[in-house]
């Protein structure tokens, strides 16, 4: 069955490659993309299977989530993930110079700026991981549960491995360093397809393409409102509804083997931190970048008549968190008894916020 699906996908991708990209072929290309997306979903989840984001499809490693933040180490075998886990958390994960040393998920916890950060050392993935090769599905399913994914690369050959890993994560529904498209899609019982654009579409979307894609997914009645300029692929992601939008940081390991000139070339790449996990070089910059990419914020509680507890801050993941988010982080029932709060900012400003 899977071989037949892969063959159909290959045929459709070949047809896409042969088709010239212009306004006249937008409709045809949109239909082909929808068919490929459906087949890939069926390949991962099985006919009529659960979505890639469900608990029953692509089950990951059984690791209890703990701490304030979870980050996952993803990469090819023997790039130094286990050594990095040990350097960051002190957790011993078997490391060796041969491939597939780590066969299961090894968790560790580190404390940084008062936050408890859980780090997962995931087994090395290979090309075809999303299709089930190696333990790829378990690795990527676990990666979907992380607040941040660190793609660990061998600094001597980063580009090839980077593209392969990105393709595997994409195939399993992970959209790296992206925000969900600002699109409203509401299925209805009747009335056909209602399509509205709030901004001009320049990336291939229009009413006819939207209707063709919906038809491929057997959606005959829906209200569609596009609030930003999107691609057909992004519209398909909205329909699929199971995509995980996760920030990714590229960690180029083993920089001790590079020259200064080679490091200068790597410096031109975005979202990356060069390190040597073996020599523990540049780990402080890595931790600072993880903190920033996770949007972590420390909030200190102050019991009445006492000084703030600077050892155990409440950690939130937001640039401008609300009082409700803070209360829910402590206890879900706290908002029901909430009356008011005094809030100090970094400049000493005091605000009284009432329910």
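What follows draws every value from the coordinates through simple rules; no lab data is involved. Every value quoted in this text rests on a predicted model; they were computed, and no experiment measured them. Positions of Cβ are backbone-derived with ideal geometry, glycine not excepted, and every protein chain shown enters the neighbour counts.
One table, with the values for the structure above:
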| quantity | calculated |
| --- | --- |
| Residue-averaged [θ]222 nm for the chain, counting only DSSP H segments that reach four residues, each worth -39500 (n - 2.57) | -9500 deg cm²/dmol |
| The stretch 165-187 residues near the modelled residue 19 label - backbone nitrogen below 12 Å, point 7 Å along Cα→Cβ | none |
| Computed over the chain: relative contact order in percent, which uses C-alpha pairs under 8 Å that are six or more apart | 15 percent |
| Prolate/oblate/rounded label for the stretch 156-198 (Cα gyration tensor, a/c 1.5) | prolate |
| Cα radius of gyration and Dmax for the stretch 213-300 (Å) | 20.7, 59 |
| Size-normalised alpha-carbon gyration radius of the stretch 278-327, reference 2.2 N^0.38 Å | 1.51 |
| For the stretch 204-355: relative contact order, % (alpha-carbon pairs under 8 angstrom, 6 or more apart) | 11 percent |
| Whole-number percent relative contact order across the stretch 184-270, with pairs defined as alpha carbons under 8 Å at least 6 apart | 34 percent |
| Principal axes of the stretch 205-355: Cα extent on each, largest first, Å | 65, 56, 25 |
| Full-stretch length increase - residue 187, residue 12 - with 0.36 nm per residue and alpha-carbon distance subtracted | 60.2 nm |
